[in-house]
Amino acid sequence: MPLPASFADRPPVPAADPLPSPIVDAHTHLDACGADEPAAVRAALDAATAAGVRAVITVGDGLGSARWAAAAAQWDDRLYAAVAVHPTRADELDEAARAELAALARQDRVVAVGETGLDNHWPARGVGAAPALQREAFAWHIQLAKDVGKTLMIHDREAHDEILQILDTEGAPERVAFHCFSGDVALARQCADRGFVMSFAGPVTFRNNHELHAAARFAPADLITVETDAPYLAPHPYRGSTNSPAAVAHTARAMAALRDVELTDFCRQLCATTARLYEVPTAG
Ligand SMILES: [Zn+2]
Ligand SMILES: [Zn+2]
């Protein structure tokens, strides 16, 4: 898949200084970054390695993308996959798609079912699957995560309360992560009470995101991961650039500063949490 037109002429985020201890980019879209064949995947992972990012989870957001992510995860030991149909594409989830996703989710290097959840942003603008379809698709993905025993990776756009309510009603899987956590301290507390992991992306580095900063300070140390959601959401001060997995090093540094913790300890904790959550080995 070529780089989305809106990203094609944007500069990449500059390389970060290597981190003192390796971490994982817990959520990215390598296909949308334009790294869609083995050599390009390897180049993106080499750049990540140089920044201290030792593994990357690439996320399928539609059936074709999920199929690609599961295949790409076989190409390189540093790459893992998550598979689902994105809430805005919930209308793609017919019987054939369900059967194929269920098979993909069982593969070894597929470590999560996601991204799934609810997106109230786009439907309010007349784009993407209707809320009722999204809810049904979300419930189906929750059951799939439980059936295959893998982490549920949540996409929550302007839908905090509804998502918690559906998780409580359906019964959450053992391991749940909110990708690109976008809530305040109240949501962080609700997540912490349930043992849900909060994954922070570029927006936590934006200067005026005070509520998100407070949530990032509040979140328990063992319930935090960091991610890029590349090519989207480049961190400050590179907002508007094309994001890449290597750039998660910038976000990790900003988070350590925000929490006023030592960077090496913070990176070790991040790595331990991604290892627990996604069964990604901590070394090698
Ligand atoms: Zn998302
Ligand atoms: Zn994403």
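Summary table
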{"read-out": "Residues being surrounded by fewer than 16 Cβ atoms within 10 Å (Cβ to Cβ) and of a type in the set (K, R) - total across region 232-258", "value": "1"}
{"read-out": "Members of region 1-31 found to be open to solvent by 60 Å² or more (accessible area, probe 1.4 Å), modelled with pLDDT of 90 or more and among the acidic types (D, E), listed by number", "value": "D17"}
{"read-out": "Any strands (runs of 3 or more DSSP E) falling wholly within region 1-119 and containing at least 2 residues that are of a type in the set (A, V, I, L, M) and within 16 Å of ligand 1 (Cβ to nearest atom)", "value": "53-59, 79-83, 110-119"}
{"read-out": "Enumeration of residues in region 120-132 that are of a type outside the set (F, W, Y) and out of contact with any Asp or Glu (no Cβ under 6 Å at 6 or more places or on another chain)", "value": "P123, A124, R125, G126, V127, G128, A130, P131, A132"}
{"read-out": "All positions within region 149-175 that are more than 15 Å from ligand 2 (Cβ to nearest atom) and among the hydroxyl-bearing types (S, T, Y)", "value": "T169"}
{"read-out": "Filter pass, R89 being touching a residue at least 24 places away in the same chain (Cβ under 8 Å), within 29 Å of P281 (Cα to Cα) and open to solvent by 30 Å² or more (accessible area, probe 1.4 Å)", "value": "no"}
{"read-out": "Test for L212: is it of a type in the set (A, V, I, L, M, F, W, C) and either buried (at least 24 other Cβ atoms within 10 Å of the Cβ) or out of contact with any strand residue (DSSP E or B) (no Cβ under 7 Å at 6 or more places or on another chain) (or both)", "value": "yes"}
{"read-out": "Residue that is nearest to ligand 2 (Cβ to nearest atom) [pool: residues in region 220-230 that are buried (at least 17 other Cβ atoms within 10 Å of the Cβ) and among the hydrophobic types (A, V, I, L, M, F, W, C)]", "value": "A230"}
{"read-out": "Residue tally, condition touching a strand residue (DSSP E or B) at 6+ places or on another chain (Cβ under 6 Å), part of a loop (DSSP other than H, G, I, E, B) and within 25 Å of E279 (Cβ to Cβ), over region 156-172", "value": "0"}
{"read-out": "Boolean, G34 is open to solvent by less than 40 Å² (accessible area, probe 1.4 Å), away from ligand 2 (no atom under 16 Å from the Cβ) and out of contact with any Cys (no Cβ under 6 Å at 6 or more places or on another chain)", "value": "no"}
{"read-out": "Candidate set from region 51-78 (those that are surrounded by 24 or more Cβ atoms within 10 Å (Cβ to Cβ) and within 14 Å of the chain's Cα centre (by Cα)); member that is farthest from A159 (Cα to Cα)", "value": "A55"}
{"read-out": "Among the residues listed as A47, A96, the single one being among the hydrophobic types (A, V, I, L, M, F, W, C), more than 16 Å from ligand 2 (Cβ to nearest atom), in contact (Cβ under 8 Å) with a residue 24 or more places away in the chain and surrounded by fewer than 20 Cβ atoms within 10 Å (Cβ to Cβ)", "value": "A47"}
{"read-out": "Residue among R194, R207, R217 that is surrounded by fewer than 16 Cβ atoms within 10 Å (Cβ to Cβ) and closer than 28 Å to F7 by Cα", "value": "R207"}
{"read-out": "Pair list, Cβ under 6 Å, 6 or more apart: region 130-148 residue more than 14 Å from E100 (Cβ to Cβ), other residue of a type in the set (D, E) and in a helix (DSSP H, G or I)", "value": "L133/D91; A139/E170; I142/E170"}
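Yes/no matrix, rows are residues, columns are (1) within 18 Å of the chain's Cα centre (by Cα); (2) under 26 Å from L45 (Cα atoms); (3) modelled with pLDDT under 95:
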residue	(1), (2), (3)
G171	no, no, no
A216	yes, no, no
D222	yes, yes, no
V226	yes, yes, no
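The values are calculated or read from the model by the stated rules, or taken from the named source; none is laboratory data. The structure displayed is predicted, hence computed values, not measured ones. Please note: Cβ atoms are built from the backbone with ideal geometry, for glycine as well, and neighbour counts cover all protein chains shown. Accessible surface areas use protein heavy atoms only, side chains included; no ligands, DNA or RNA. Shrake-Rupley method; radii C 1.70, N 1.55, O 1.52, S 1.80 Å.
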